[in-house]
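> What follows is a structure written as structure tokens; I'll ask about it next.
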Amino acid sequence: MPPPPAPAAGPIAAGGIAVVGAGIAGLSCARALHAAGRTVTVFDKGRSVGGRACTRREEPDAGAVLPFDHGAQYFTVKDERFARVVERWRDEGVVAPWTGRVAAVEGDTFAVKHTPGLMVGVPGMNALPRRLAEGLSVHSDRRVTALERTGAGWTLRFDEGPPAGPFEQVLVTAPAPQTAALLTGHAHFTPAVRRAEHQACWAALLAFDAAPALPFDGAFLNDDRLPDGSPNPLAWAARETSKPGRPPTPERWTLHAKADWSDAHADRPPAAVLPEMVAAFTALVRQATGETLPAPTFQTAHRWRFAHVKNAAPAEGAGECLYDSAAGLGAAGDWRLGGRIEGAFLSGLALAERAAP
Ligand SMILES: Cc1cc2nc3c(=O)[nH]c(=O)nc-3n(C[C@H](O)[C@H](O)[C@H](O)COP(=O)(O)OP(=O)(O)OC[C@H]3O[C@@H](n4cnc5c(N)ncnc54)[C@H](O)[C@@H]3O)c2cc1C
């Protein structure tokens, strides 16, 4: 079953709870609040929902659409609460197991690993946030630049357009530095948010006319060095076409660079980074498998500034989220709980429980 369409933005109603960020954390939070009968309005600076759990559609030629999961590649499930939701999504066809051959590539060897339980959105990773956003009031293309406290509650200011509010509470679910920027001076827990750190990730998106005959569909590229002794920029490669529900042609691969390399090269232009990533993948594949990667027929690069969580926010006591009941402010996100989709979901859920007990 195709995922439901992204929600259309309607008029912004004042009152209730504002959620900043329509990634997995913000949407799981908003959905739980909505289910609890609260009025909730979600704002995101992006063009669509999902944040880092997303699917990018490249259209190099008229009529040709190349979808790539350029952020999160798959997700895993450990917690019972998340498992129940994922089971329902699975019944609905929103997610499915990814049974691709996932290998570890090291030096002149590769070993396909046993990786049960890898799940993906269908037909793309953005199926998860789209499903979570169903029925919610979500306003895309709204970058929140400031929170202002007035007698009546919280007003949100944007980079464009009129302010929104007043809201009784504001819950911020952006990556930690962006959350800290909005909450500074307002919430007692802001110093803890500021101590959480993210690392960047460069993604390269490639398409090929002929399928590279590689003996794996996903690969952890573990070596620190390339065969020529230079630093290996790459951490991961995935064959998009091996995931369920994706168009089978053309052959498409997503490469992710290592976090330290991405940080070091974060300010370079995509056109400078891309050839280095493609050359590294070609060299690693040739060394490990003897196969030669054909030249890509399409290639582009995307930089995630706040991709992976380096240091989670230290717990002020235990807690999957941060909440200041006196101020009516809260914060959640993957930076609270391990930097994965499941952690983001659970952090958002915990914040909803704090905001509407
Ligand atoms: C390259 C990459 C690979 C990954 N691989 C995996 C994987 O394989 N498995 C896995 O489980 N996880 C993976 N992750 C991590 C996973 O994507 C995240 O843990 C999860 O999606 C985070 O969700 P979130 O809601 O906490 O944050 P986000 O998804 O970052 O959502 C935050 C939202 O806030 C919005 N926002 C920020 N500032 C503002 C503002 N001022 N105003 C309005 N909106 C704002 C953003 O636009 C964004 O939509 C990967 C991430 C990346 C980048």
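> Hey, can you find the accessible area per residue of region 251-356 for me, probe 1.4 Å, expressed in square angstrom?
39 Å²
> While we're here: Measuring with a 1.4 Å probe in the full set of protein chains, what accessible area per residue, in whole Å², belongs to region 59-171? The partial results should precede the final answer.
Working: 5360 Å² over 113 residues.
Here the per-residue accessible area is 47 Å².
> Now, a different point. Just the number, please: carbon plus sulfur as a percent of the accessible area of the chain, 1.4 Å probe, no ligands or DNA/RNA counted.
Exposed carbon and sulfur together represent 51 percent of the surface.
> Take Ala104 and Glu197, extend 7 Å from each Cα along the Cα→Cβ direction, and tell me the distance between the two endpoints in nm.
If labels sit at Ala104 and Glu197, their model points lie 2.6 nm apart.
> Enter the Cα centre distance for the pair region 165-185 and region 225-289, rounded to the nearest angstrom.
Result: 34 Å between the Cα centres.
> Please compute, over every Cα-Cα pair in the chain, the percentage with a separation greater than 31 angstrom.
Summing the P(r) tail past 31 Å for the chain gives 35 percent.
> Quick check of the Kirkwood formula: for region 74-151, what is the inverse mean of 1/r over all pairs of different Cα atoms, in Å?
That comes to 15.8 Å for region 74-151.
> What is the distance in Å between the Cα centres of region 82-156 and region 318-339?
Taking the Cα centre of each part, region 82-156 and region 318-339 sit 19 Å apart.
> Starting from the exponent 0.38 and prefactor 2.2 Å, build the expected Rg for region 217-357 from its residue count and divide its actual Cα Rg by it.
Compared with the compact-globule rule of thumb, region 217-357 sits at 1.36.
> So if I take the alpha carbon set of region 147-292, get Rg, then get Rh from the Kirkwood formula, what is the Rg over Rh ratio?
1.16
> First obtain the Kirkwood hydrodynamic radius of region 111-199 from its Cα pairs, then insert it into the Stokes-Einstein equation at 4 °C and 1.567 mPa s, and state the resulting D in µm² per second as a whole number.
Translational D for this selection: 80 µm²/s.
> Continuing with this model, one more query. Counting only protein chains, not ligands or nucleic acids, how are Ser137, Ser28 ordered by accessible area (probe 1.4 Å), most first? Working shown, then result.
Values: Ser137 40, Ser28 5 Å².
Accessible-area ranking of Ser137, Ser28, largest first: Ser137, Ser28.
The values are calculated or read from the model by the stated rules, or taken from the named source; none is laboratory data. The structure presented is a predicted model; accordingly, all values stated were derived computationally and were not measured. Please note: Cβ atoms are built from the backbone with ideal geometry, for glycine as well, and neighbour counts cover all protein chains shown. Only protein heavy atoms, including side chains, enter the accessible area calculation; ligands, DNA and RNA are left aside. Shrake-Rupley method; radii C 1.70, N 1.55, O 1.52, S 1.80 Å.
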